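As structure tokens, the structure follows; a few thoughts come after it.
The values are calculated or read from the model by the stated rules, or taken from the named source; none is laboratory data. Small disclaimer: the values here were computed from a predicted structure and weren't measured.
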Amino acid sequence: MSGLKYISRLERIDQFIRQERTGNAPAFACRLEISVRQLYNLIDELKDLGLPVEYCRTRQTYYYRYHCRIVFEVRVEEINPLDYNSIQGGFALLRKNSPYAV
């Protein structure tokens with residue numbers, strides 16, 4: 001799964017949880033078109049990020065223990081060619097006719 005698709009999926013899960021309209025795990029997974037196991041893994045990842053995800057058996061919905069939301073940021077910055085060697089990870093997206101194109 002691409003990084004952007006993964007982030008989009010986490011944002012969608014976050015939205016349903018904030019609205020407290022997820023349903024139980026099988027219904028929520030069906031709504032997201034993923035397996036229940038994938039849903040549990042993604043919820044665990046949200047918890048690992050520090051989000052207070054809980055499940056209410058009475059209302060049959062996931063919810064946040066306190067008001068919060070997940071925010072992802074994607075930035076594009078031009079990189080000076082002299083800085084290439086100091087970058088440890090990731091990759092540079094270069095425009096076709098950029099003076100920095102390889």
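Filter the range 1-54 for residues that are among the β-branched types (Val, Ile, Thr) and in a helix (DSSP H, G or I); which is farthest from HIS67 (Cα to Cα)? Can you show your working first?
Here is the first cut: in the range 1-54, the ones among the β-branched types (Val, Ile, Thr) are 7, 13, 17, 22, 34, 36, 43, 53.
Next, only the ones that are in a helix (DSSP H, G or I) stay: 7, 13, 17, 36, 43.
Working: ILE7: 20, ILE13: 15, ILE17: 11, VAL36: 25, ILE43: 16 Å.
Checked the range 1-54; the qualifying residue farthest from HIS67 (Cα to Cα) is VAL36.
How many of the residues making up the range 35-66 are on the phi > 0 side of the Ramachandran plot and polar (S, T, N, Q)? First the steps, then the outcome.
Looking only at the range 35-66, we keep the residues that are on the phi > 0 side of the Ramachandran plot, and these are 50, 60.
Right, trim to polar (S, T, N, Q) and you get 60.
So the count comes out to 1.
VAL36: under 16 Å from the mean Cα position of the chain (by Cα) and of a type in the set (A, V, I, L, M), yes or no?
Values: under 16 Å from the mean Cα position of the chain (by Cα): no; of a type in the set (A, V, I, L, M): yes.
No, not satisfied.
Please go through the range 64-102 and pick out each residue that is at pLDDT 55 or above, of a type in the set (Ser, Thr, Tyr) and more than 27 Å from LYS47 (Cα to Cα).
Within the range 64-102, TYR84, SER86 meet the criteria.
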